[in-house]
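The values are calculated or read from the model by the stated rules, or taken from the named source; none is laboratory data. Predicted model, so just to flag it, every value in this text is computed and none were measured. We place every Cβ from the backbone using ideal geometry, glycine too, and count neighbours over all the protein chains shown.
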Amino acid sequence: MSAYRFEEQHTPPPARQVTDVAVERFEHIFEVDPKLMTVHVAQQLFPNWDTLRIAASRGDHLEWMHRHWAAEAVSGQKLLDELDAGDGDR
Amino acid sequence: MTITGTAPQLSDRVLAELTDALGGEYVLTSKTARYNRARVPAPFPVHRWRERVPDLVVLPGSAEQVAEVVRIANAHRIPIVPRDGGTGLTDGAVPERRGIVVDVKRLDDIKEIDLDNRTCTVGTGINMLKLNEVLGAHGLIYPDDPASYPCSLVGGRIGTSGWSLVGSRFGHTRDLVLSFELVLPTGKLIRVGDGGGRKVSKSSSGYQLKHLFMGHQGTLGIATEATLKLYPKPEAEFSPFWAFPDFDSAYRCVGELARAGVATFAGAVLFDEWKVDYLRRDDEAYIPQPADVRALVCAVAYGNDDEVRAGGRRLLRIARDAGARYLGDEISHGDWAARHDRYATPLHGRTPAGQVAPMSWHCEDAAINYTNLPAVRREWHSIVARLRDKHPIFDDWGMFFYTSADTGVDYLTEIDVGIWEQELDDAAWAAWVDAKRDIAAVALNHGGSISACHGSCREGEVDLVPLELGGGYDVMLQVKRALDPNNIMNPGKYGLQRAYEEAP
Amino acid sequence: MTDTEPTTSAGAAGGNGHEPVTMEFLADWRNAAYNCFSSGHKFCREVCPVMQVTRNESWTPTAFHANVVAMEQGELTVEDVAEDYVNCTQCGACELRCPNTLFTGDFYRFRTRTVDLVKQMRALAVDNGVHQPGYRRWNELTDERTHEPVLGDVPVSQDRVRDWAEGLDIPIGGETILFVDCEAAFYRTSVPRAVAQLLQRAGYEFGLMREQWCCGGPAAEMGYRDQSRRFAEHNLADWRASGVKRVLVLDPHDYITFTEDYPAYFGDDYDIEIVLVVELLAQFLAEGRLTPTVPIERTITYHDPCRLNKRKGIWQEPRQILRAIPGLTFHDVDRVTQWSYCSGGGGGLPVEKPELTARISASRLDKAAELDVDTLVSACPWSERPLSEAGEARAIDVVDIHELLAESVGIEVGGSTGR
Ligand SMILES: Cc1cc2nc3c(=O)[nH]c(=O)nc-3n(C[C@H](O)[C@H](O)[C@H](O)COP(=O)(O)OP(=O)(O)OC[C@H]3O[C@@H](n4cnc5c(N)ncnc54)[C@H](O)[C@@H]3O)c2cc1C
Ligand code: SF4
Ligand code: SF4
């Protein structure tokens, strides 16, 4: 359970530079380098819960799309491992 | 014709007849109703919005009401524009000569699901994803899958003769729609299919009219009901993504995958360096990729589990032998699931200084043979580079090449261009129209077609349609005049006004 | 063109005849409006509950954004557009489903905000003297009585706001208080009674608010933002004066108001902790502080309240609770499918367009009926009235999750379910 506290929500974790144009604050969630949004479009106020909500919803949505199209998404890695082990070469 | 964007110009008499036919609630005259049906996603100078505003909008609730509206319009010689999802990218659903927008979204019922013959019959205002939510409960799917899968509608798919991401396996809209009911420009209601039967997939009886009444961009009538071909919902999906250090090896690989004759093969896509650079701007899958990733290929397969696995092994072997590096399950699964609906976010746009600017997504979508892809790619990028040099409100978002068929004969060849509409003035627009014409000319010079998906009605490209179709274009003019004697159905599109100007 | 200062002036022709307040609005919303306008792809359309039943493109998120651009261009005025913005329950489906949120909103810290836009456009209309009669009356009555007129002609008032708690021995004040929304306090009183008794059973200490007014959220939703703010200021002052540190909320609408509107009003000064009761109860179950033992023989499905599932991403805890109740047969529908579900009860829609609310709740109940259930469980008091009305025609009971849990814990809930 997570209680809402203003200060917590409005203190994002520190940014780690990932490439010249992207940073990372939450694990596996990239963000644009804020320097690129200083002239034409300003960033919105984004409480932490919102970032996490969107990222989680994205995952749920993609998962849903797979299920919508097929019962199962086949793992390429498994098939490739079989191939590399030589038992897939039929 | 005056263009003022103010009150409707139709007489009270027409308004009264329409209100009698539909009920007042479904005849919309407000400014917001009209302005919001004067646009589709394709960029257009916003200061010229008013040029395309219709006089009024109707929301018919049945085929008979559609027919009645068309009869009234035909009697009074008022232009009609069919509109469904309004996601079309060639301005088809946008009025060029005001008149009445016939918005068919209320025709969204599922009339029949025939489990034994594997068909369903629906109103043309229904969306494919919504339909498949219902069909899924029966283990069935209607696999017409444009990247606008969650938002385009069956009538618009017919109006454009749309292209599907998984068309290499299941066919495109023209293959998946078995028959449909259509209101002709005179208000007569007919049914067209392969022959006369509603659920027949192959007939030799008579002219093959189904094809004629697809992809006409609403210039020959309004489809109100369609009978669709259904497939078993796939047991398995396979969507590997691979990285390459250069375009050429990726290009060779995609060709081999497409030519391999794998029965569950549903499509393969090649992404070029520009596209990879663009993905690195903001796509979580590609931001962390090493610098030597310069091109990507993906393949997709759908079907029964055992068949997908068998085909999958073959595809993986081909890719491995072509020097591909598999990007892993997470990217492969995530990226494919996002293809049904992702598309461009305006903030992908970058000024030459690298700043984020909100840009519209514009996409050129020629059909090109495999052997001509490299040449077209070179020429298109240089057209867009020249454009951006002059007008930095344009941005090259890279190219995709996407198989259209199961043999790898031709590819939907797409260049995505960002256009900063907030800054789009008349000069930039004129330059853009020229560029579009040049882009279309390249496609034709290389033996292709201007459009694989959307149609070719927009300024610039439309000039070259007679060149593309040759004598076929004259036949188009004759057909148009025969079926629409008063030129009321979506007038102005495809230059068809010529049918009424000169003896064809 | 080179990079320049952000364009803040709206449009060319010196304001296009708009009032200064409108000009300010247009400047604020310029980029957000273009972000949608220049996408125009309508991925939001088929999840919108209003759109699903009306099929009217004038009432879509796309149109709501495009109108702003048209206003900026001097093509439309606030008078032209105001009425269209009534057609929204502020469910949040569109803005979450929009690729500009779902795929890149977190990346750019810039997402689609249709709900906010609808609220602000309604407020702009009010600022320009354009009122919707139903909204105006509703908010006048709320202002008079400090509570929403949820009982129609039967007045609601300050001295009755705690009537629901009769016989439960709940103290007034304390560090932690339970805030009860107007609908639950006056209409579906079984919900707060269930909640209060569950908390008591778990041994959790809480009180009631000293002088509780309406949270102010509905006024903000309908465009009466000064009134909303006045109500918020009253409530915050009351909390401060009585040493409240933590507010428990059982109503998703209040949860939005306290975690989105109040922070916007008070900024850094906002030091009150907000706790959603459903989450707290799920925690109690996990810790063994509450154990449902009385079997409940019902075949149910769960209605994800829009403000929890779509707007806050809260969907797991209610399911944890339902799965812990013995006897239930649970035909669940996943949270993503439910992005396109809505009761039609939110955002002031039933105030102005009750017939539209009824069509939306009927469509929600049709989906429940397909699952062959006898009960639809919700977690939002505001949804339960329209859903119950639609449920009657289909012989489906609409029950609140707190009521159901209380019953399974062996509590005699009492109060009224409004029928
Ligand atoms: C993000 C995005 C991705 C896209 N991806 C693809 C893709 O992968 N493949 C693809 O093919 N397209 C794609 N498109 C383009 C568009 O979705 C298709 O052209 C689609 O078929 C249009 O359907 P619609 O319902 O939106 O039709 P509309 O835009 O409303 O209409 C399209 C045309 O059909 C006519 N029309 C509409 N209804 C009828 C009717 N009932 N009878 C006759 N004519 C009618 C209209 O007059 C117009 O000329 C994409 C668009 C977007 C925004
Ligand atoms: S709200 Fe989002 S999905 Fe809808 S049209 Fe606008 S940008 Fe597209
Ligand atoms: S918030 Fe909900 S009701 Fe309002 S426009 Fe969006 S989807 Fe429709």
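Of all residues in the range B:359-394, those that are closer than 30 Å to residue B:409 by Cα and among the charged types (D, E, K, R) total 5. I'd like to check something: does the range A:35-53 contain any residue that is in contact (Cβ under 8 Å) with a residue 40 or more places away in the chain and surrounded by 14 or more Cβ atoms within 10 Å (Cβ to Cβ)? Yes, that holds for at least one residue. Number of residues in the range C:14-56 that are of a type in the set (Lys, Arg), out of contact with any Gly (no Cβ under 7 Å at 6 or more places or on another chain) and within 16 Å of ligand 1 (Cβ to nearest atom) equals 1.
Residues are listed down the side, and each one gets a yes or a no for (1) within 16 Å of ligand 2 (Cβ to nearest atom); (2) assigned by TED's automatic domain parsing to the domain that holds residue B:93; (3) assigned to a helix (DSSP H, G or I):
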{"position": "B:451", "(1), (2), (3)": "no, no, no"}
{"position": "B:456", "(1), (2), (3)": "no, no, no"}
{"position": "B:459", "(1), (2), (3)": "no, no, no"}
{"position": "B:473", "(1), (2), (3)": "no, no, yes"}
{"position": "B:485", "(1), (2), (3)": "no, yes, no"}
{"position": "B:491", "(1), (2), (3)": "no, yes, no"}
{"position": "B:494", "(1), (2), (3)": "no, yes, yes"}
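Any idea how many residues of the range C:26-39 are more than 7 Å from chain B (Cβ to nearest Cβ) and near ligand 2 (Cβ under 8 Å from one of its atoms)? Residues meeting the conditions: 2.
Here is a list: B:21, B:38. Which entry is at pLDDT 95 or above and surrounded by 24 or more Cβ atoms within 10 Å (Cβ to Cβ)?
Values: B:21 fails: surrounded by 24 or more Cβ atoms within 10 Å (Cβ to Cβ).
Going through B:21, B:38 in turn, the sole match is B:38.
Number of residues in the range A:4-34 that are assigned to a loop (DSSP other than H, G, I, E, B) and either surrounded by fewer than 16 Cβ atoms within 10 Å (Cβ to Cβ) or more than 10 Å from chain C (Cβ to nearest Cβ) (or both): the value is 13.
State the number of residues belonging to the range B:143-164 that are under 11 Å from the mean Cα position of the chain (by Cα) and within 6 Å of ligand 1 (Cβ to nearest atom). Number satisfying all stated conditions: 12. In the range B:315-335, the residues that are at the interface with chain A (Cβ under 7 Å from one of its Cβ atoms) and of a type in the set (S, T, N, Q) reach residues that are buried (at least 22 other Cβ atoms within 10 Å of the Cβ) and in a loop (DSSP other than H, G, I, E, B) with C-beta atoms within less than 8 angstrom, at least six apart or across chains, in these pairs: B:332/B:239; B:332/B:240.
Scanning the range C:40-76 for residues that are farther than 20 Å from residue B:105 by Cα, assigned to a loop (DSSP other than H, G, I, E, B) and at the interface with chain B (Cβ under 7 Å from one of its Cβ atoms) gives C:73, C:75, C:76.
Selection over the range C:75-95 of residues that are among the small types (Gly, Ala, Ser) and either surrounded by fewer than 22 Cβ atoms within 10 Å (Cβ to Cβ) or more than 10 Å from ligand 3 (Cβ to nearest atom) (or both) gives a count of 1. Of the residues making up the range B:137-163, those that are of a type outside the set (Phe, Trp, Tyr), within 16 Å of ligand 2 (Cβ to nearest atom) and assigned to a loop (DSSP other than H, G, I, E, B) number 6. Taking the conditions (1) more than 8 Å from every other protein chain (Cβ to nearest Cβ); (2) assigned to a helix (DSSP H, G or I) in turn, residue C:112 satisfies each one other than (2). Residue C:186 meets each of the listed conditions (1) hydrophobic (A, V, I, L, M, F, W, C); (2) over 30 Å from residue A:44 (Cβ atoms); (3) within 14 Å of chain A (Cβ to nearest Cβ) apart from (3). Scanning the range A:25-78 for residues that are aromatic (Phe, Trp, Tyr) and farther than 30 Å from residue B:138 by Cβ yields A:26, A:30, A:46, A:49.
Looking at the range C:56-74, can you tell me whether even one residue there is more than 15 Å from ligand 2 (Cβ to nearest atom), buried (at least 24 other Cβ atoms within 10 Å of the Cβ) and modelled with pLDDT of 95 or more? Yes, the conditions are met somewhere in the range C:56-74.
For residue B:427, the conditions (1) more than 14 Å from chain C (Cβ to nearest Cβ); (2) more than 16 Å from ligand 1 (Cβ to nearest atom); (3) assigned to a helix (DSSP H, G or I) are fulfilled apart from (1). Listed residues B:412, B:477, B:467, B:496; which is surrounded by fewer than 17 Cβ atoms within 10 Å (Cβ to Cβ) and either under 30 Å from residue B:170 (Cβ atoms) or at pLDDT 95 or above (or both)? Just one listed residue meets the conditions, B:467.
Give me a count of the residues in the range B:125-148 that are away from chain C (no Cβ under 12 Å) and under 15 Å from residue B:176 (Cβ atoms).
Step one: of the range B:125-148, the residues away from chain C (no Cβ under 12 Å) are B:135, B:138-145.
Next cut, under 15 Å from residue B:176 (Cβ atoms) only: B:135, B:140-145.
Result for the range B:125-148: 7.
Entry remark, the range C:139-153: residues being of a type in the set (A, V, I, L, M, F, W, C) and part of a loop (DSSP other than H, G, I, E, B) number 2 in total.
Here the range C:5-55 is the region considered, the condition is being over 26 Å from residue C:104 (Cβ atoms) and of a type in the set (Asp, Glu), and the residue that is modelled with the highest pLDDT is C:24.
Given the structure, is residue C:98 within 16 Å of ligand 1 (Cβ to nearest atom), within 15 Å of the chain's Cα centre (by Cα) and at pLDDT 95 or above? Steps first, please.
Values: within 16 Å of ligand 1 (Cβ to nearest atom): yes; within 15 Å of the chain's Cα centre (by Cα): no; at pLDDT 95 or above: yes.
No, not satisfied.
No other residue among B:440, B:435 is aliphatic (A, V, I, L, M), under 28 Å from residue C:70 (Cα atoms), modelled with pLDDT of 95 or more and not in a loop (DSSP other than H, G, I, E, B) apart from B:435.
Among the helices (runs of 4 or more DSSP H) confined to the range B:199-287, the ones with at least 2 residues that are outside the structural domain of residue B:134 (by TED's automatic domain parsing) are located at B:247-259, B:273-282.
Only residues that are within 12 Å of ligand 2 (Cβ to nearest atom) and either in a helix (DSSP H, G or I) or farther than 25 Å from residue C:348 by Cα (or both) were counted across the range C:77-109, and they come to 12. If you go through the range C:80-109 and keep only what is within 7 Å of another protein chain (Cβ to nearest Cβ) and in contact (Cβ under 8 Å) with a residue 60 or more places away in the chain, you end up with C:96, C:99, C:100.
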